[in-house]
1. Which value, in Å to one decimal place, does the Kirkwood hydrodynamic radius take for segment A:217-331 when every pair of different Cα atoms is included?
2. How large is the helix-only mean residue ellipticity at 222 nm for chain B, computed as the sum of -39500 (n - 2.57) over DSSP H runs with n ≥ 4, divided by its residue count, in deg cm²/dmol to the nearest 500?
3. Bin width 20 Å, alpha-carbon pairs only: give the P(r) of the protein assembly as shown as whole percents, running from 0 to the bin holding the largest distance.
4. Can you give me the C-alpha center-to-center distance between segment B:213-252 and segment A:97-121, rounded to a whole angstrom?
5. Report, please, the projected area of segment B:101-256 averaged over directions, based on the convex hull of its C-alpha atoms, in nm².
6. May I ask for the percentage of alpha-carbon pairs in segment B:1-160 that lie more than 27 Å from each other?
7. If all Cα-Cα distances of segment B:246-372 are sorted into 10 Å bins from 0 onward, what percent lands in each bin, rounded to whole numbers?
8. Could you work out the local net charge near residue B:176, counting Lys and Arg as +1, Asp and Glu as -1, over the other residues with Cβ closer than 14 Å to its Cβ?
Amino acid sequence: MSIRECALKSAAFSRLKDVYDNREQEIKKARAAGTKVIAELGCDVPDELLLAGGLMPVRVYADPDKELVQTNKYLEFSFDPIVRAQFEKIVDGTYKELVDALVVSNSTDVIIRIYLYLREMHRVEPEKPIPEVEFIDWLFTRNLLYQQRNEFLIGLFQETVERWAGRKISDEEIREAARVCNADKAALRKIGELRHGSEVHINGSEALVIIGSAFFMDRKEHTKLVEEVAKEAASWPVINAPRVFFTGSNQESTDLYDKIEASGVVIVGDDHDWGDRFYDRDFNLEYTTRRAIVDCYMLREFSSKKAYTSQRVEALNREVAATAADGVIFYMNEYEEAASWDYPPQKKSLESQGKKTLCLAKMKWPMSKNDDFGDKLSAFADTMKGGA
Amino acid sequence: MAEEAKRPESQSGAVKRLKATATASAYQKEWFQKTKERVEAGEPFGYLNADVPMEVLRAMDIPFVVNQWWAAICGAKRMTKKYFGLLRDAGYRDDLCSYCATAFAESLDPDDRKLDEEGKPMGPWGGLPDPTIAITRLTCDCQGKIFEQFAKNHGSALYTMENTVARKVPLKWFDKVIWNDWEEFYDKDRIDEAVEELQQMIRFLEQETGKMFDMNSLEKVMNLINEQELYYNKTRDLIASCHPVPVTVVDTINAVMQAQWQRGTEWGRDHAKSLYEEVKALADAGVAAVPNEKYRLMWLGRGIWHDFSFYQSFEEKYGAVFMWSMYLAMGADAYIRYHVEEDPLRALAARYIGMEDFLHMPPWNSQWYLQQIEQNDIDGVVYMIPGNCMQAVEGSYFIKKAIEDAGVPVLIFEADPVDPRKWSAENMRGFVNEFIETKVIPNKENKK
Ligand code: SF4
């Protein structure tokens, strides 16, 4: 039986997949039950604060089939295509219907621009169906000055969350929410182990579902389901395929991973915000709440958007070693350029360690818009098999 | 026309008419050679991105070159094709961040400081000496990566500074109130943070160079800058009030940009003064840059360094004059900060944190352009968006809408300010010709 078949036989996985495939269903239920829902654009919005306020955090995601009527009007073409599609749903009323407010974290320069544009739209076109927008101006350079500023900014954000919640939020409530988030991350780490431990029992596609469903459902329920999947998956068959690490653009769906894994490799780890990076670092319960939030989000593994090239070279080396990957696929969407500056030194460093690499740059989004790159994947898989 | 024939022609094909432009060009070359001599003699040398508060290095007498200025020099020397080939050969993409990556690409050139068979330097002006220090601000996702690799290739120490986003966005920053009341204008915590950032930068420079920072020197530098920029303010106001204008952007962009990088020196101040006096003399004598001036055009975006003659292509046929660019106008409106004596570092912080906002954040950019359109009697706006720079994505929809709502037509196109490979002179001129014929002329006729 294939891993996919095993997974789909699992009630816990099926529930996660249902949430992953039908991302609005839990949001609608929560709102019907009187819970306020807050959309997040960017991966650095502290869920702990929102959960502490009794709010439900959900990730903004793109609809590949939606025509970009509003986006083409407001955004220049040099915006990352996924963000362009996300923007469409923010300004066409989709999210106004669905959520109570939107938080934008400056996880990448593109998203900062989106915030500035949304703020300006509120000013000059107040009739547009755009939710209230809040911004978190994180500074990611690792330096005490910026750490302290981040703590100040998180304090401001907490005030906004308290306004949305209609009450003050205590430190104990934040800690309690942090325990929930930490438990979820711990459960996801068990999945990670099954994905990149000495035996591989979960492939990249299934991992995306398991991780990504967290963005659209109650976090405690998510944790419970992930724990169950982890228990069951330990007895799923071992995947004997070349181990590949995926670095690059966010993958909001499993389409690309399905295609890559169909070529005969298994994705044992990744570094984007819809994958392993989500559970990279815990909230340290021994710290003051603001410091713990800043520590958790500022000191996660370096993202391709907010790090120097040398940091990204080291980060990728670390991740490839930790997942015991034999090869790396670099996948960069067109107009999502920052990682392209890291690529040549990363490739050089990996190849010096005998790792194989494949680079797919300037890719169109959604994936189906590209000329078929199946041949490149197959050739890479063949090399991997030859080298495995 | 006889007068035209005497005008000096630059490498980029444009005809320049001001002494101040020629003086600035000559000075920068001479200054660069002197800088090289200082570096060769063992002095520290900084390489800075344009948005770095260079005033600190000026006050510490650390010679430096500005990335965008140097990219413009490389562009004017037609080096970019070679450099992007070097990027490609080293495995980098050759279609990204051309403006900021020119010097990094140059750092891959083994011939940069060599002489050719005829004994001529192969790199621009003999190539860039190895900086001891490279500093940039993290105003986009790529800047830190490019600077880090540039620094590595040159063996320079890297220093980076963050960028914060304004929460408080009072409209009309260009009202002179900002010169005096900047404490009211910005979020206080942003200025506080920027002051601390400057202090850290000073400590870094002191440690790297062995030179000690002197607050009195900074105060002097800041005051010189205020004087320099006040001349730009007067020059801009003067040009705006002249019909026809005595000079065009071809004259002012180079004269101002080159001297801006020398801001905080007596030469910079004196040059700005001489520019003003020269323009005033032309205005007083009733000299017209384009005697048949009919339409006044605004240029939004970075300068087309490799094809300055573009700006002059519409003068004879239509009497259409590019008379406004941000280079002079930013000098006029964005730099001056009074009360320097109270706290020079805080005054500097209140200058540098806003530069990104003024240019790239709606509504500050759109509102300023509107005010400038009014002051300069602009009939049409040509707006170039660089296709490969996320930082320069600045809300073109809002800018276009604000300007068109005010009854002024706008032409937007994508191009690259440095890379001639992405510039079709014929197409671009064709777009503007069509814009003038179908939008600018009828719009002005309708207003009569
Ligand atoms: S995105 Fe723009 S500002 Fe940033 S490095 Fe590239 S060209 Fe420069």
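The values are calculated or read from the model by the stated rules, or taken from the named source; none is laboratory data. From a predicted model like this one, the values you see are computed outputs, not experimental measurements. All Cβ positions, even for glycine, are placed from backbone atoms using ideal geometry, and neighbour counts span all protein chains on display. Protein only, heavy atoms only, side chains kept; ligands, DNA and RNA dropped before computing areas. Shrake-Rupley method; radii C 1.70, N 1.55, O 1.52, S 1.80 Å.
1. Kirkwood radius, segment A:217-331: 16.1 Å.
2. It lands at -15500 deg cm²/dmol.
3. With 20 Å bins starting at 0, P(r) equals 15, 46, 32, 8, 0.
4. With segment B:213-252 and segment A:97-121 each reduced to a Cα centre, they are spaced 37 Å.
5. Averaged projected area of segment B:101-256's Cα convex hull equals 13.9 nm².
6. Roughly 27 percent, rounded to a whole number.
7. Spelled out per bin, shortest first, that is 11, 35, 37, 14, 3, 0.
8. Values: positive: B:172, B:234, B:236, B:337; negative: B:175, B:181, B:184, B:229, B:237, B:333.
It works out to a net charge of -2.
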